[in-house]
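Taken together, the values in this text are just the output of simple stated rules run on the coordinates, not laboratory data. This one's a predicted model, so the numbers in the text were calculated from it and none came from an experiment. Cβ atoms come from the backbone with ideal geometry, glycine included; neighbour counts cover every protein chain shown.
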Amino acid sequence: MQAGALRPYEHSLRTSGPLGLHADDGRVISLDVARWLAPVDDIDETVLDRCTGPVLDVGCGPGRFVHALAERGTAAMGLDIAETAVALTRGRGLPAVLRSVFAPIPGEGRWPTVLLMDGNIGIGGDPHRLLERVHALLAPGGRLIVETHEDAHADEQLGVRFSQHGEPIGPAFAWAHVGLLPLLRYVVSFGYGVPEVWTVGGRTFVSMPR
């Protein structure tokens, strides 16, 4: 990712300002920054109920899942490439690492649970690569929990830029949208086990054993 691409995102985290993604085909995709900055909600709790610690939250943002897990007494660590996201998580007294998921990660091959929430299956624009990478991070018998795109058929790789008030800002970067049905096809090739799928409040999640 080019230098400066994350600045609009980091500004939005600091100010709670509106933020979106401006796709290369002209679509503007809104991002729910206010929800990410708020405590976990009842829908998020259904994910926490399925977590076995320690938990690695990939793309942790301001750390709402790491914080909620800590309150439950479950060890967790956040991972993010945005300095502001990591600073906000650490500011809560919680562990977070400023690093890409594709870089060396502490505890590789030993994580009981890895989370890809809030569309983070799109990280890097290549879900195949990301799923393969997470498989290597998980402990034997560990679980990956993914939040899928709201469109169950979504399966696209696209170039995006952050946007504010509908106007694109900063350099482009790769992203992906992955709905439930493509995800279920993808995970078979990487050796994941039988998935559990649940939908609450219009959000769909998949838990897959390694």
| request: Enumerate the residues in region 138-153 having an amide nitrogen under 20 Å from the point lying 7 Å beyond the Cα of V194 toward its Cβ. | output: 140-146
| request: Give, in nm to one decimal, the length gained when the segment between E83 and S16 is fully stretched (0.36 nm per residue of separation minus the Cα-Cα distance). | output: 22.5 nm
| remark: What one gets for region 46-97 as the Kirkwood radius, inverse of mean 1/r over different Cα pairs in Å, is 10.5
| field | MRE, 222 nm, helices only [DSSP H, n ≥ 4, -39500 (n - 2.57), over the chain, to nearest 500] | value | -7500 deg cm²/dmol
| Among V114, V66, V200, whose mean-square fluctuation peaks in a Gaussian network model of the chain (Cα, cutoff 10 Å)? | V200
| message | Between R90 and L37, what is the label-point separation in nm under the 7 Å Cα-to-beta-carbon projection? | response | 2.1
| task | Report the residues of region 149-171 in range of a label on L181: point 7 Å along Cα→C-beta, backbone N strictly under 20 Å from it. | result | 149-158
| remark: the chain, Gaussian network, Cα under 10 Å: of R143, R185, R90, the residue fluctuating most is R185
| Rounded, prolate or oblate: which one fits region 73-196, using the alpha carbon gyration tensor with axes a ≥ b ≥ c (rounded when a/c is under 1.5, else prolate when a/b beats b/c, else oblate)? | oblate
| field | Globularity ratio of region 15-81, using Cα Rg and 2.2 N^0.38 Å | value | 1.29
| request: May I ask you to order 166-177, 102-113, 67-78 by the average number of other C-beta atoms within 10 Å around their residues, highest value first? | output: 67-78, 166-177, 102-113
| request: Could you pull the Rg and Dmax for the chain, using just the Cα atoms, both in Å? | output: 16.0, 45
| note | Largest-first semi-axes in Å of the equivalent ellipsoid built from the Cα gyration tensor of region 1-119 are 24, 17, 14
| Which distance in nm do the two modelled labels at R27 and E156 give, with both placed 7 Å along the Cα-to-Cβ direction? | 0.3
